[in-house]
Every structure is written in structure tokens, then in C-alpha cells.
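The block underneath contains the structure these notes are about, expressed in C-alpha cells.
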Amino acid sequence: MIVQSFLPGDVEAKAFFDEHGWVLIETLDEQGVEQLRQWIDEISAWRDEDGHWLHYREMTDFGPKLCRTENFTPFHEPIRELLTTGVMLDSASMLMGEQAVLYKEKINYKLVGGAGYAPHQDAPAYPFIDSHISCMVAIDDADEVNGCLEVVSGCFGEVLPMNDVGCISEIVVSRLKWELAPIRAGQTLWFHSRTPHRSGSNNSDRDRRAIYPTYNALSEGDLRDAYYEAKLEQMAKHTVGDNVQVSLIGDFQGRPVK
Ligand SMILES: O=C(O)CCC(=O)C(=O)O
């Protein structure tokens with residue numbers, strides 16, 4: 001189980017990341033978490049038809065629920081500032097070893113009854129860039145019962161064999177050593193684009209909301225607008241699997257709302 005965390009700017013965090021392919025950083029204090037929750041409540045209440053943000057929904061045992069919002073930073077200045085400046089951008093740049101820039105962002109809500117994610121690496125879902133890093137900023141405490149992440153340490157050298165929906169093939173999954181990553185609200189779990197990760201469904205009575213920004217090396221360009229354009233075009237052309245499609249790979253296990 002992951003327990004060790006680092007303060008922002010600690011150079012030892014970079015050494016830890018380079019060895020393990022993930023690192024936990026203390027990002028927000030209690031007041032920061034309260035502020036973040038308020039912003040997330042605002043974003044989740046936006047109506048689909050009022051803007052170009054992308055809300056996705058899943059069917060749960062408790063009815064249809066929001067499972068993801070993407071492309072919200074252009075429409076929410078404080079959260080844009082959080083994800084594109086200060087501790088978040090500095091951490092991404094430190095861990096990448098070069099200046100980073102925001103590539104994309106999503107909120108995974110995993111509300112009570114929400115589904116989990118099959119074992120996957122992120123790299124195949126972002127085929128348009130070479131070098132990127134993602135993280136999970138916990139809005140609520142995440143643990144085994146409400147569907148925290150699980151990661152594999154020291155396994156980010158290559159893209160692993162995949163099944164027909166772009167997730168890690170079952171035989172490989174069974175050979176990997178999965179570690180639970182419980183995270184307190186305000187902590188951030190950074191992970192390499194090839195670090196295998198997965199998560200269970202939310203079987204608790206507590207929501208497990210988290211923001212996942214992805215950063216790319218600025219040396220590859222500021223590609224955020226191009227990403228959303230290409231993603232929407234690809235998703236319109238291909239469907240992957242029978243679950244709710246939120247990504248170019250079929251990692252999300254959520255049931256469609258019919
Ligand atoms: O939020 C989760 O539980 C996992 C998310 C994830 O792996 C993803 O969105 O690629």
C-alpha cells in the first residue's frame with residue numbers, strides 16, 4: 001500500500017518518481033480542498049447545452065449519475081489557474097524534467113455506485129503526444145471501498161500487450177503486482193503515462209471525486225485544443241466496447257444510460 005508522500009518542490013519526489021513511476025505529493029491544505037469542492041460543485045451543475053464542456057453519465061444501481069466532465073478549464077478561471085500555474089504546473093515540470101503545459105483535464109466523479117476502470121496504461125489513450133504525465137488530485141478521500149486507484153511500481157518502460165479495447169491483456173494483468181493507493185483529499189498521485197493502473201467501483205456511501213489533469217512537454221507544443229478536436233473526431237468514428245465511452249480506450253466499466 002502506498003503511504004509515503006512528499007511536499008511540493010522536494011527534489012526527492014523526482015528521484016522517487018523516476019524509480020517507481022508514481023509519487024504522492026501533498027498539494028492542497030484543508031482550505032484548498034474546501035475551495036476545490038465548491039468549484040467542482042459549480043462545474044458539475046453546468047447544463048450540457050450551455051457550453052462546450054463535456055459531461056458523461058453512467059447508469060448505477062441508484063439511477064443515472066454524472067461520471068466525468070472534461071474540457072472545463074476554458075470556462076472556469078480559478079480551476080484553470082490551479083491546473084496551469086503554481087504547484088501543479090511546477091510539480092509536472094519537475095517530474096518531467098522539463099517545462100510542462102496542460103494537455104487535457106477531466107473530473108472523474110465516481111459517485112456512490114459509480115463504476116471502476118479496467119487495468120490500463122494511459123499512453124495508448126493519448127496517441128498524439130510522446131511525453132506526458134498525469135495525476136489524480138483527490139477531492140474526496142479515496143480508499144479501497146470507494147474505488148481508489150491501484151498502481152504497479154517500477155513498470156513503465158514499455159506499452160504492455162493489450163486486449164481488443166486497448167486495456168492491458170488479462171494474462172499480463174495477473175502477473176503484475178498491484179498496490180492500493182488510498183489518497184486523502186488534497187493529495188495528488190502523479191503517475192507516468194505507462195504506469196499500469198486500475199480502480200474498483202464505489203461500493204461505499206461516500207462519493208470519490210478526483211481531478212485528473214494531464215501535462216505534456218511544452219517542447220512538443222501547446223496541444224490542448226488540438227487534443228479535444230482529435231478526440232471528438234475519433235470517438236465519433238469508433239466505439240470501443242459496450243460500456244460508456246469516455247476515452248479512446250475501453251477502460252471505463254460504467255453502464256450506458258439508455
Ligand atoms: O478514477 C479512477 O478510478 C481511474 C481513472 C483512470 O484510470 C482514467 O480515467 O484513466
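Derivation of every value follows stated rules applied to the coordinates shown; laboratory data play no part. All of these numbers come straight from a predicted model, not from anything done at the bench. Please note: Cβ atoms are built from the backbone with ideal geometry, for glycine as well, and neighbour counts cover all protein chains shown.
Table for the structure above
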read-out: Peptides 32-41, 147-156 ordered by average Cβ neighbours within 10 Å, highest first; value: 147-156, 32-41
read-out: Relative packing of peptides 169-179, 217-227, 135-145 - highest average C-beta neighbours within 10 Å first; value: 135-145, 217-227, 169-179
read-out: Under 21 Å from LYS237, Cα to Cα: lysines that are on another chain or at least 8 residues apart; value: LYS104, LYS258
read-out: Cα-only Debye scattering, region 130-258: base-10 log of I(q)/I(0) at q = 0.09, 0.14, 0.15 Å⁻¹; value: -0.30, -0.76, -0.88
read-out: Around ASP207: net Lys/Arg minus Asp/Glu count, Cβ-Cβ under 12 Å; value: +2
read-out: Estimated FRET transfer efficiency (ASP10, MET162; beta-carbon r; R0 45 Å; 0.05); value: 0.85
read-out: Given charges at beta-carbon only (K, R positive; D, E negative), |dipole| of the chain in Debye; value: 700 debye
read-out: R0 of 25 Å, Cβ-Cβ distance ASP41-LYS237: FRET efficiency to nearest 0.05; value: 0.15
read-out: Label zone at GLU144, where the point sits 7 Å out along the Cα-to-Cβ direction: region 163-177 residues whose backbone N lies under 12 Å; value: none
read-out: Sorted largest first, extent of region 11-237 alpha carbons per principal axis (Å); value: 42, 41, 38
read-out: Relative contact order of the chain, pairs being alpha-carbon contacts under 8 Å that are 6 or more residues apart, as %; value: 28 percent
read-out: Span from the region 111-174 Cα centroid across to the region 186-223 one, whole angstrom; value: 8 Å
read-out: Partners for LYS106 among lysines (Cα-Cα distance below 17 Å; same-chain residues under 8 apart left out); value: LYS65, LYS231
read-out: Angstrom value of the Kirkwood radius, inverse mean 1/r, which spans all Cα pairs in region 1-99; value: 15.9 Å
read-out: Calculated log₁₀ intensity ratio I(q)/I(0) where the Debye formula runs over C-alpha points of region 98-193, q = 0.14 Å⁻¹; value: -0.60
read-out: Paired Rg and Dmax values of region 38-168, which use every Cα atom, in angstrom; value: 16.1, 45
